[in-house]
Amino acid sequence: MLIRPTDQILSSEITPEALWLNRRQLMTGAAALGLAVALPAQAAGELVYRKSPLSVKDDKNSFEQITQYNNFYEFGTDKDDPAQTAGKLKTRPWNIVIEGECDKPHTFSMDELLKIAPLEERIYRLRCVEGWSMVIPWVGFPLSELLKRVNPTSKAKYVEFISLADKEQMPGVQRAVLDWPYTEGLRIDEAMHPLTIMAVGLYGKVLPNQNGAPIRVVVPWKYGFKSAKSIVKIRLTEKQPQTSWNKAGPNEYGFYSNVNPEVDHPRWSQATERRIGEFFKRKTLMFNGYGDQVAGMYKGMDLKKLF
Ligand SMILES: Nc1nc2c(c(=O)[nH]1)N[C@H]1C(S)=C(S)[C@@H](COP(=O)(O)O)O[C@H]1N2
Ligand SMILES: [Mo]
């Protein structure tokens, strides 16, 4: 029997009722024949995934830490706001529109997105520009696999990510703390890099709303704000896209925003960080410790100017 995540089954055209009925009929039919039926062992919201060699060996933060200490300004600016107010977010149906410089623009349903590539667990460090960090076991697939489906043209030099901005569901969007919708961007080679993933889960389960459900990008060598949550649109562009944080503070948040202990934020040092749950500070690593894999993309660039 093909075992699929419950979520994937529920999100298809089959209604939960129909699914339940089918199973029930299957059960009674089998019972009549005296057979034991193996039903999917998957509990609600559990994902099927494989482990990845690209995971880091650091100790993971707990599920509690990862889901109770969040930046998701659409749901409020306090760290515990998203956990309290994101519960209402409706994550089905959900689509990502991919448009711009590509031969095959397409609107991907969540069902399609979950079938882009086999899901992998990627244990990544996340370094927030504010000076804290976590280690999160994401479940996702490479963004490159998704972008390949739309055939980017030779003019596709950048990728813009656009998050949902729905006043009805997101109390933070009612206030002008940022220029909504939240937008972010990457250069095309950064977007195609094997470390860049679209995350649909963490700790083996579908993504909690406060972490960017149902699907968000994760770019582990950049400050956390580059990893936009609850994405509804991806645009391939020739020109470098504007980004929410760069617009809000151009001298504080650059387009690249690679983790760099040698380039301080104008208002604080970036040399050290506090891993959530730890008492002593750690030294921040160049490119968040992913330098061997990503430094080549920035050869010849002045990272103090292109921060
Ligand atoms: N749409 C959206 N995406 C966002 C944010 C946000 O406020 N809105 N915050 C960013 C910041 S500052 C960080 S540090 C990470 C936090 O991700 P996490 O809560 O899953 O750890 O999400 C990023 N993505
Ligand atoms: Mo952040």
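A few points about this structure:
- Taken one residue at a time, the phi angles of the range 128-139 give Karplus couplings (6.51, -1.76, 1.60, θ = phi - 60°) of 7, 4, 6, x, 10, 9, 9, 10, 10, x, 6, 10 Hz. Gly and Pro are set to x.
- Convex hull volume per residue in cubic angstrom - Cα atoms of the range 18-250: 147 Å³
- A simple spin-label model places the labels of residue 292 and residue 111 4.2 nm from each other, with each point 7 Å out along Cα-to-Cβ.
- Bridgeable aspartates and glutamates around residue 115 (alpha carbons under 17 Å apart, same-chain partners fewer than 8 residues away excluded): 7, 13, 46, 145.
- Positive minus negative residues near residue 120 (Lys, Arg vs Asp, Glu; Cβ under 10 Å): +2
- The chain, relative contact order in percent, only Cα pairs under 8 angstrom and at least six apart counted: 18 percent
- Pairs over the 25 Å Cα-Cα cut-off, from the set 57/281; 233/304; 60/304; 205/283; 205/247; 79/226: 233/304; 60/304; 205/283; 205/247.
- Long-range amide H partners of residue 106 with built H, under 5 Å: 98
- Accessible surface area normalised per residue over the range 201-307 is 46 Å², counting heavy atoms of protein chains with a 1.4 Å rolling probe.
- Whole-Hz couplings from phi, Karplus 6.51/-1.76/1.60, listed for the range 249-257; x for Gly and Pro: x, x, 8, 9, 10, x, 5, 6, 6
- Net charge of the neighbourhood of residue 276, taken over other residues with C-beta under 15 Å away and scored Lys/Arg +1, Asp/Glu -1, is +1.
- GNM result for the chain, Cα springs below 10 Å: residue of 185, 76, 212 fluctuating most strongly: 76
- Expressed as a whole percent, the accessible area of the range 18-250 that falls on carbon and sulfur atoms is 53 (1.4 Å probe).
- Each residue of the range 88-94 is assigned a 3J(HN,Hα), and the resulting list reads 6, 4, 8, 9, 9, x, 9 Hz, derived from the Karplus form 6.51 cos²θ - 1.76 cosθ + 1.60 (θ = phi - 60°), x at Gly and Pro.
- Local net charge near residue 265, Cβ-Cβ under 11 Å (Lys/Arg +1, Asp/Glu -1): -2
- The angle separating the long axis of helix 16-32 from the principal Cα axis of greatest extent in the chain is about 40 degrees.
- Of all the options 154, 230, 144, the one that moves most in a Gaussian network model of the chain with Cα springs shorter than 10 angstrom is 154.
The values are calculated or read from the model by the stated rules, or taken from the named source; none is laboratory data. Since the model is a prediction, treat every value here as computed from it, not as a measurement. In this analysis, Cβ positions are derived from the backbone assuming ideal geometry, glycine residues included, and neighbour counts consider all displayed protein chains. Surface accessibility is based on the protein's heavy atoms, side chains included, excluding ligands, DNA and RNA. Shrake-Rupley method; radii C 1.70, N 1.55, O 1.52, S 1.80 Å.
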